[in-house]
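Undergrad: Encoded as structure tokens, here's the structure I'll be asking about.
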Amino acid sequence: MFTFEVKTTFNTSANFVWESIACMPGVNYELFPIVRMTTPKKYQRSHIENWEVDKPLFTSWILLGCFLPWDLHFFQLQKAEEEKSFNERSSSLTQKIWHHDRILRPLADSSCELTDKVNFIPRVAFLGYVMRPIFHSIFKHRHKRLVKKFGSV
């Protein structure tokens, strides 16, 4: 299994950050312009804590450069807590296992800390060594986009 973690502290309340990061438009804001995820209308505006858990939810095209199909992601949640966290347990055409845990923790000074932990097992084992630095840099990009939006401590 390949793993990495990205952590950032924002100079904004956890509630305000959660409003942006817990929906697919927010996810696509973070990913822009590297990739975009397609989403059925039912999930486009609803917050992740309202989605069903422990069952396949939808299939999403991962579009490289926001238009070129790169992978097909089979999205499933294990857990989602309002204004706190979610645990995604999905797979894709290229990843046998994709575990993404996102935790948003309020801090005493009205700021908050966001942690993304990712574990994955590629369908072709050696590709993990290629994909890990790519995925890690995409998540660092996501956090930079959020810093641009919310400011960092």
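Undergrad: Charges on Cβ only, +1 for Lys and Arg, -1 for Asp and Glu, centred on the Cα centroid of the chain; of Phe150, Ser137, Val17, which one is farthest towards the dipole's positive end?
TA: Of the listed residues, the answer is Ser137.
Undergrad: Just to confirm my numbers, what's the Cα centroid distance between segment 57-116 and segment 131-153 in Å?
TA: Distance between centres, Cα-based: 13 Å.
Undergrad: If you split all Cα-Cα distances of segment 1-54 into 10 Å bins from zero, what percentages do you get per bin, shortest first?
TA: 19, 42, 35, 3
Undergrad: Please report, as a whole percent, how much of the solvent-accessible surface of segment 19-88 comes from carbon and sulfur atoms (probe radius 1.4 Å).
TA: It is 56 percent, rounded to a whole number.
Undergrad: What is the list of residues in segment 1-30 whose amide nitrogen lies under 20 Å from a point 7 angstrom out from the Cα of Val124, following Cα to Cβ?
TA: 1-3
Undergrad: Here is a further query. Stretched out fully, how many nm does the piece from Ser20 to Lys148 gain, at 0.36 nm a residue minus the Cα gap?
TA: 44.8 nm
Undergrad: Let me ask another. Using the heavy atoms of the protein chains alone and a 1.4 angstrom probe, what is the accessible area of the chain per residue in square angstrom?
TA: Details: 8020 Å² over 153 residues.
That works out to 52 Å² for each residue.
Undergrad: With an 8 Å Cα cut-off and a minimum separation of 6 or more residues, compute the relative contact order for segment 33-91 in percent.
TA: Normalised by residue count, the contact order of segment 33-91 is 32 percent.
Undergrad: Can you tally the net charge around Lys117? Count Lys and Arg as +1, Asp and Glu as -1, for every other residue whose Cβ sits under 14 Å from the Cβ of Lys117. Walk me through the numbers on the way to the answer.
TA: Working: positive: Lys7, Lys79, Arg89, Arg102, Arg105, Arg132, Lys140, Arg142; negative: Glu5, Glu88, Asp101, Glu113, Asp116.
Summing Lys and Arg as +1 and Asp and Glu as -1 gives +3.
Undergrad: Students often check this: by mean Cβ neighbours within 10 Å, which of 105-111, 45-51 ranks highest, and how do the rest follow?
TA: With the highest mean Cβ count within 10 Å placed first, the list reads 45-51, 105-111.
Undergrad: Can you pull the one-decimal nm distance between simple spin-label points at Arg132 and Lys55, each 7 Å off the Cα toward Cβ?
TA: Roughly 3.6 nm, to one decimal.
Undergrad: Let me ask you something else. Considering the alpha-carbon set of the chain alone, what are its Rg and its Dmax in angstrom?
TA: 14.9, 45
Undergrad: Just to be sure I understand the curve: with the Debye formula and one point per C-alpha of segment 86-153, what is log10 I(q)/I(0) at q = 0.21, 0.23 Å⁻¹?
TA: -0.93, -1.03
Undergrad: While we're on this one: Given Cα pairs under 8 Å that are at least 6 residues apart, what percent is the relative contact order of segment 1-66?
TA: Averaging sequence separation for qualifying contacts and normalising by length gives 35 percent for segment 1-66.
Undergrad: Which net charge results for the neighbourhood of Leu146, defined as the other residues with beta-carbon distances under 13 angstrom from its beta-carbon, given Lys and Arg at +1 and Asp and Glu at -1?
TA: +4
Undergrad: At a threshold of 8 angstrom on Cα-Cα distance, excluding pairs fewer than six apart, so keeping six or more, what relative contact order does the chain reach in percent?
TA: Normalised by residue count, the contact order of the chain is 30 percent.
The values are calculated or read from the model by the stated rules, or taken from the named source; none is laboratory data. Quick caveat, the model's predicted, so the values are computed rather than measured. Note: ideal-geometry Cβ built from the backbone for every residue, glycine included; neighbour counts use all protein chains shown. Please note that ligands, DNA and RNA were not included when accessible areas were found on the heavy atoms of the full protein model with its side chains. Shrake-Rupley method; radii C 1.70, N 1.55, O 1.52, S 1.80 Å.
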